[in-house]
1. Is it the case that some residue within segment 100-121 is in a helix (DSSP H, G or I), modelled with pLDDT of 95 or more and either of a type in the set (S, T, N, Q) or more than 17 Å from the chain's Cα centre (by Cα) (or both)?
2. If you go through segment 25-38 one residue at a time, do you hit one that is of a type in the set (S, T, N, Q) and at pLDDT 80 or above?
3. Which pairs turn up if I take residues in segment 27-48 that are over 19 Å from LEU117 (Cβ atoms) and in contact (Cβ under 8 Å) with a residue 12 or more places away in the chain and look for partners that are among the β-branched types (Val, Ile, Thr) and surrounded by 14 or more Cβ atoms within 10 Å (Cβ to Cβ) with beta carbon separation below 7 Å, at least 6 apart in sequence or on another chain?
4. So for segment 75-90 (the condition being assigned to a helix (DSSP H, G or I), in contact (Cβ under 8 Å) with a residue 60 or more places away in the chain and under 16 Å from THR34 (Cβ atoms)), does at least one residue qualify?
5. Need pairs with beta-carbon distance below 8 Å; first residue under 23 Å from THR104 (Cα atoms) and within segment 128-146, second modelled with pLDDT under 90; sequence gap 6+ or separate chains.
6. Looking only at segment 123-143, filter to residues that are among the aliphatic types (A, V, I, L, M) and over 21 Å from GLN98 (Cα atoms); which one of those is surrounded by the fewest Cβ atoms within 10 Å (Cβ to Cβ)?
7. Scan segment 91-122 for residues that are farther than 22 Å from GLN39 by Cβ and either of a type in the set (Val, Ile, Thr) or surrounded by 15 or more Cβ atoms within 10 Å (Cβ to Cβ) (or both) and jot them down.
Amino acid sequence: MAKKAVILKAASKKKYLPNSKEKYMCAKHKKFFTDALLQWKKDILKSNNVNNLLNSSDDNVSSADIVDQATSLTDKSVEMRALNRSRKLINKIDSALQRIKDGTYGFCEETGEPIGLKRLIARPIATLSIEAQEKHERDEKIYIGD
C-alpha cells in the first residue's frame, strides 16, 4: 500500500487531519503521525510477509534451462532489492517514531525550523524542510557534475 494511502486511511478513520491553526506538534499532531507511521510499518511488514510466503515455494526449484535460471535469478535480485528498500524504510519509520518520542519530530535536522504539516502529511519520514531538501539536492547535483 502506498504511503499516502496509509496516511489518508488513518486520517479517514479518525476524521482528523492536522492543521496549522493548532500549535505545531501538539499532542494531536504527534498522535496522528504516530498512528500513521505505525500503520505504514504494519502494512509494509504484512506485505513483505505475504511476498515471502508466495515466493518461498520456488527456492529449491532448479531448471536445466539456462534462460529459466537467469529469469529466476533476476526475479530473486529484484525481490532482494525490494526487501532491502523495505528494511531501510522501516528503519526510517522507526527513526521518525523515536523523534516523536524525544520531541524532535517535525523539525528540520539542518535548520531546526518546523518542516511543515503538508510536507509531513505527504512524507511523514521527512527530516528536512523543503528549502533544506532543495539545497541538499542542488549541492548534490553540483558535486555530481564535478
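The values are calculated or read from the model by the stated rules, or taken from the named source; none is laboratory data. Keep in mind the model is a prediction, meaning the values are calculated, not measured. Note: ideal-geometry Cβ built from the backbone for every residue, glycine included; neighbour counts use all protein chains shown.
1. The answer is yes; a qualifying residue exists.
2. Yes.
3. Pairs that qualify, where the first residue is over 19 Å from LEU117 (Cβ atoms) and in contact (Cβ under 8 Å) with a residue 12 or more places away in the chain and the partner is among the β-branched types (Val, Ile, Thr) and surrounded by 14 or more Cβ atoms within 10 Å (Cβ to Cβ), are LYS41/ILE90; LYS41/ILE93; ASP43/VAL6; ILE44/ILE90.
4. Looking through segment 75-90, none of the residues is assigned to a helix (DSSP H, G or I), in contact (Cβ under 8 Å) with a residue 60 or more places away in the chain and under 16 Å from THR34 (Cβ atoms).
5. LEU128/HIS136
6. Here the residue is ILE142.
7. PHE107, CYS108, THR111, PRO114
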